[in-house]
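In what follows, a structure is listed as structure tokens, so that the remarks can point back to it.
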Amino acid sequence: MKQYRPTLLYAIKIFGLIVCAGFGIFIISIFLNIVSLFVASSFFEKVIVILLIILFVISAFLIIRSNNPAIVTYEDYIRIGRQDVPYNTIQNFYIAKGGSEPYVVTKDGEKIDLEISWLSKKDRIEIEKVILENIESLTKQV
């Protein structure tokens, strides 16, 4: 088992997305503050603030949770994000060309992007090599 983690640039990306989510919440709060001018209720204002805080926490959680470019290679399968892909189900592997992400196509016709652009170049090359070696070894056995 070998695990590959993203570089520092990925953390900067996540931080930027959270800041953008916060800015979006701020813009929504401006519109809700305009509405609260016509409703003279401190309860309404507290509900809006609590709702916006909850909305920001949920959006930050979803941003962090949805993006997981970590890849783990095992003897029989590869874990891409949160998806386990056995090597024997991979029909084709397409390496990165011209800035595109490499991807695998399973025997079911499912295309799975590896999302390894956030990893170091050494790790990307090693991952591609491991996948190609495992696919080739399985085709030689058949």
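The values are calculated or read from the model by the stated rules, or taken from the named source; none is laboratory data. Given the structure is predicted, the values throughout are model-derived calculations rather than measurements. Note that we place each Cβ from the backbone using ideal geometry, even for glycine, and neighbour counts take in every protein chain shown. These accessible areas exclude ligands, DNA and RNA; they are computed on the full protein's heavy atoms, side chains included. Shrake-Rupley method; radii C 1.70, N 1.55, O 1.52, S 1.80 Å.
Structure summary
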item: Complete set of residues in the stretch 85-142 that are open to solvent by 80 Å² or more (accessible area, probe 1.4 Å), within 17 Å of residue 75 (Cα to Cα) and touching a helix residue (DSSP H, G or I) at 6+ places or on another chain (Cβ under 6 Å); result: 88
item: Total residues in the stretch 77-87, condition at negative phi and at pLDDT below 90; result: 3
item: Residue count, the stretch 75-84 (criterion: open to solvent by less than 60 Å² (accessible area, probe 1.4 Å) and in contact with a strand residue (DSSP E or B) (Cβ under 7 Å, 6 or more places away or on another chain)); result: 2
item: Among residues of the stretch 89-142, those that are of a type in the set (A, V, I, L, M, F, W, C) and in contact with a Lys or Arg (Cβ under 6 Å, 6 or more places away or on another chain), counted; result: 2
item: Segments classed as strands (runs of 3 or more DSSP E), wholly inside the stretch 73-142, with at least 3 members that are within 18 Å of residue 1 (Cβ to Cβ); result: 77-80, 83-86
item: Search result, residues across the stretch 8-43 that are surrounded by 14 or more Cβ atoms within 10 Å (Cβ to Cβ), out of contact with any Leu (no Cβ under 6 Å at 6 or more places or on another chain) and of a type in the set (S, T, N, Q); result: 36
